[in-house]
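Here the structure is laid out as structure tokens; the discussion comes afterwards.
The values are calculated or read from the model by the stated rules, or taken from the named source; none is laboratory data. Keep in mind that what you see is a predicted model, and the values were worked out from it rather than measured. Counting neighbours? That spans all protein chains shown, and the Cβs are built from the backbone with ideal geometry, glycine included.
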Amino acid sequence: MKWKWQEILLPLPPAVSSEATVQEVIDLLTREVGQTAFVYEQGKLVGYLTLAALLRQVNGAPSLNQSIDYEKDLLLVRASGWVEFCHNCHIVVGVNEQGEAVGYITIQEAKAHLAQLQLDSLNHSLDSAEIGIVTTNQQFEVDFMNETAGQILGMPRSILTGRNYQKLLAADVKMEDILAGDKKFGVNSSFNFKKMAGHFSPVYHEGQVGGIVHIFYLQEHLEKAVSELEFVRELTEELQAIHTASNEQIMVIQPSGEISSIAGTFLASFWQPYLKEDLIGQNLYELEAKGLFEPNIVDLCLKERQRVSLAQSSRQGVKILSTAAPIIKKGKLEKIIVLSRDVSIEGYAQKPQAESEHQVMPDFTKNLVYRSSVMTELVEKLKEVAATESTVLISGESGSGKEVIASNIHAYSRRSQAPFVTINCGAIPENLLESELFGHEKGAFTSASEKKKGLFEAADGGTIFLDEISEMPLHMQVKLLRVLQEREVVRIGGLTPIKVNVRVLAATNRNLRKMVAAQTFREDLFYRLHVIPLQIPPLRKRKEDIALLALSFLEKLNETYNKEKKLSREGLQLLESYRWPGNIRELQNVMERLVVVGQQEMITEDDVFRAVWDTETEETGYLTVRGMMPLREAVEEVETQLIRMALSKYKTAAKASDVLGVSASTISRRMSKVSK
């Protein structure tokens, strides 16, 4: 299917003159909150300038008043023409019949937009098919179903998406076998008293199993379905192309230790120097003896004859979290399924070598730990910003790691060997804040027996980080503005300005624009600070990082308290399901509680539940349902959580019954079940 440019073009970006300065374009993009500006010369479009390119110009520039350098690889196309791509341009500009620009789009954005349109078209085709199609991920959670499947099953996509298909569907097949690569045809199944026939197949992505696909008919429509089987097979191939692979590795191990198959995401960095195809047929015991990894989770699973979870480390230091589950049929162990996920740290700033004994260095024990795409983008932007001398305003919720981001900007900057000074503007009394920042002369006030350098002087040549800048009093904001403008400070009681060469980083968890509108924060200071804004995402929006952070904290806390605590897979999953209103700081506190409290080596799901949800505050916490399940089971799960919380907090059934609004006998009947 073909599309026209006008269907995907974006509105035109702000315009600048080819004679504009770098400072003018920075101000424009800041006001417009844009990433791109079009450059005009005598009313004619001659090029464009991106924010990234602008930052590169700023780097090392003697002045922001220099003329801009802009890119010229524009391609003008008719907006009503068909979309076609060329390889020698970055931006496509759509023009009308009069030759006037009406919209633009980057080549990368255009390709992504077309891919989405094609996917929407394919989904429409699947919804129009006369067959039921359901795909799941490796945890058997429904991630796609067409409208016909909803009609056959009697439930819409919105209800079934994310639920465990294996638990919902009664079928003459083991779905674990499908994940291991088997295909089952002519399988009878039933759901909600409806009998169906169809087949189960693994869904492949780049040669790896990412889940299963169930294609089916009502048994009464089987004869009609048979005539369309060829169409179904072709449709399965299309589904394989659009299905996203899981981020977990699935390994099937024979009781002898031989690796018989590998599916899902192959953890290549862990198994170096072996390739995936080289591992098939290898024996885990021999690989362990060669020092490739430790410990051997399969050996532990065979000894205990039950599911085991633990962290494994490779010779290269790569860490994975693995769960081994034995497959037993008629009392005989047939195989072991090992699910593994990479929990090694993606990146962090290295601690620079301090030379001066007077330097105030950041706490680099709090390294950046991340793997999520949103944090990867932030770190790349952080590195670009660090190379400049611009003021940076870091915003984010309390506990999200603003000081860590600031210290890493300093670490990546040219000032990394110079002092890094931090001050919390909300933690110091107002009458002392001025003296702390700017210093004072002897006799400036009653207790000033000696002259004192302020933090700006202490940070000379380096970086100063002003945390909670929104809490700075208005009269102090005026003095800070002068420091930013004049690059000099005057001590309290002094007359002589002191030149300082300091880069300023500021942070806040409040909306400074709203404070400016409410006249509780100076507008001129806001624009001085808001040269380069960095927004830190809350932990609930970077769930891929929770496991990495939790295990990183666990490792450091074990070392601090001389412990050997381990975190179970279920406990880790429960941590990932929590909303973390206190962000990384709350996660660190919870992990410390889990390490310090309790005698057992393994931190279980119940331990995590009590640490996260069983608090002494009167504030209503978030309830959680751990995994998809039928509605009846979900109601029981919520009741169980409430009873656990009440019993743990109030200790007696009588008091718990008063709080929950039920009879004491109801609580008593369920106490034994809940306390297990």
(message) Could you go through segment 533-542 and let me know if any residue there is farther than 30 Å from L480 by Cα and crowded, with 17+ Cβ neighbours inside 10 Å.
(response) yes
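Yes/no matrix, rows are residues, columns are (1) under 23 Å from V252 (Cα atoms); (2) without any contact (Cβ under 8 Å) to a residue 24 or more places away in the chain:
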{"residue": "D143", "(1), (2)": "no, no"}
{"residue": "E147", "(1), (2)": "no, yes"}
{"residue": "S158", "(1), (2)": "no, yes"}
{"residue": "L168", "(1), (2)": "no, no"}
{"residue": "I178", "(1), (2)": "yes, no"}
{"residue": "S201", "(1), (2)": "yes, no"}
{"residue": "Y204", "(1), (2)": "yes, no"}
{"residue": "V209", "(1), (2)": "yes, no"}
(request) Kindly list the number of the only condition in (1) touching a Leu at 6+ places or on another chain (Cβ under 9 Å); (2) modelled with pLDDT of 90 or more; (3) in a loop (DSSP other than H, G, I, E, B) that fails for R528. (result) (3)
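Would a scan of segment 491-508 turn up a residue that is assigned to a helix (DSSP H, G or I) and not polar (S, T, N, Q)?
Scanning segment 491-508 turns up no residue that is assigned to a helix (DSSP H, G or I) and not polar (S, T, N, Q).
For segment 533-576, give me each residue that is outside any helix (DSSP H, G or I), of a type in the set (K, R) and over 22 Å from F609 (Cβ atoms). Write out each step before concluding.
Going residue by residue through segment 533-576, those that are outside any helix (DSSP H, G or I) are 533-538, 542, 562-568.
From what's left, of a type in the set (K, R): 542, 563, 565-566.
Answer for segment 533-576, where residues must be outside any helix (DSSP H, G or I), of a type in the set (K, R) and over 22 Å from F609 (Cβ atoms): just R542.
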(message) For segment 593-641, give me each residue that is modelled with pLDDT of 80 or more, of a type in the set (V, I, T) and assigned to a helix (DSSP H, G or I).
(response) V595, V596, V608, V612
(request) Only residues that are assigned to a loop (DSSP other than H, G, I, E, B) and free of Cβ contacts under 8 Å to residues at least 40 places away in the same chain: list them for segment 180-199, please. (result) D182, K183, N192, F193
(request) Could you tell me which residue of segment 7-48 is farthest from N65 (Cα to Cα), considering only residues that are surrounded by fewer than 20 Cβ atoms within 10 Å (Cβ to Cβ), hydroxyl-bearing (S, T, Y) and without any contact (Cβ under 8 Å) to a residue 60 or more places away in the chain? (result) Y40
(message) For segment 248-271, check the following and say yes or no: at least one residue is without any contact (Cβ under 8 Å) to a residue 24 or more places away in the chain and either of a type in the set (D, E, K, R) or touching a Gly at 6+ places or on another chain (Cβ under 7 Å) (or both).
(response) no
